[in-house]
Amino acid sequence: MTYLVRGPRVGIRHLALPDRAEFVALNRESADFLAPWMPGRPITTPEAFDAYVARFDGRAHEGFVICRRDTGAIVGRANINNIVRGTHQAGTLGYCAYAATARRGYMTEGLRLLVRYAFDELELHRLEANIQPGNTPSLNLIKRVGFQREGYSSNFQFINGAWRDHERWAITVEMAEPGGA
Ligand SMILES: CC(C)(COP(=O)(O)OP(=O)(O)OC[C@H]1O[C@@H](n2cnc3c(N)ncnc32)[C@H](O)[C@@H]1OP(=O)(O)O)[C@@H](O)C(=O)NCCC(=O)NCCS
């Protein structure tokens, strides 16, 4: 398998149409696990998958999967959304694992690789992540990956039937450098 970037246990590649069946099955199995935290329509049908993939235009939105290198199985997904170029060079990171693949360290390794890819290959300078205050696994994850908390946004995003407050976290190239903050 050709990955954009690889670590000891996982590799990252773009999400693609041949992933439809595996991706839909994972999202179906994990529907309850994802519902409180993930915005948008659940990707539990082939039609929802096709609509989801169509968003990734390679300019403002990029969609990736995190795969186990030994089996090739998808263990997580990560997007960089709302990419703004010019004097910002910034994007917003979204991600999830699945019920059967969480808490194994795959997401930590995968997001570290993706941050490196975003800075080195996509030439971004800043990545942001917005996380509900009650989402402890996600807050722990983003902290481990090197993001810093920047603030709090009330009623930030409509998820699971209500407008949810989110903490705002970010990492810049400077922070990701060895010896960075
Ligand atoms: C948020 C989410 C991606 C976090 O993923 P995760 O599974 O905790 O992240 P990792 O796979 O890197 O696992 C790290 C955890 O597994 C533990 N772990 C268990 N076995 C491990 C191993 N072999 N290697 C490394 N870590 C291991 C770590 O100790 C760590 O636990 P901690 O956070 O309590 O310290 C996941 O919970 C998820 O998808 N949630 C639902 C969707 C969601 O919330 N998305 C984000 C919206 S902002």
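A compact table of results
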quantity: Checklist (1) outside any helix (DSSP H, G or I); (2) surrounded by fewer than 13 Cβ atoms within 10 Å (Cβ to Cβ); (3) over 16 Å from the mean Cα position of the chain (by Cα) applied to Thr44, failing item; calculated: (2)
quantity: Whichever residue in segment 56-109 is near the ligand (Cβ under 9 Å from one of its atoms) and over 15 Å from the mean Cα position of the chain (by Cα) and, among such residues, is nearest to Asp19 (Cα to Cα); calculated: Ala99
quantity: Matching residues, segment 22-81, being within 24 Å of Leu139 (Cβ to Cβ) and polar (S, T, N, Q); calculated: Asn27, Ser30, Asn79, Asn81
quantity: Subset of segment 117-131 [within 16 Å of the ligand (Cβ to nearest atom) and charged (D, E, K, R)]; calculated: Glu128
quantity: Entirely in segment 122-181, the strands (runs of 3 or more DSSP E) that have 2 or more residues that are exposed (fewer than 14 other Cβ atoms within 10 Å of the Cβ); calculated: 148-159, 162-172
quantity: Filter result for Arg112 (closer than 27 Å to Phe158 by Cα, basic (Lys, Arg) and more than 7 Å from the ligand (Cβ to nearest atom)); calculated: no
quantity: Of the criteria (1) within 14 Å of the ligand (Cβ to nearest atom); (2) more than 15 Å from Ile66 (Cα to Cα); (3) not basic (Lys, Arg), which one Ala162 fails; calculated: (1)
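Each reported figure results from applying straightforward, stated rules to the coordinates on display, with no laboratory input. Predicted model only: the values in this text are computed from it and were never measured. Heads up, the Cβs are rebuilt from the backbone with ideal geometry, glycines too, and the neighbour counts pull from every protein chain shown.
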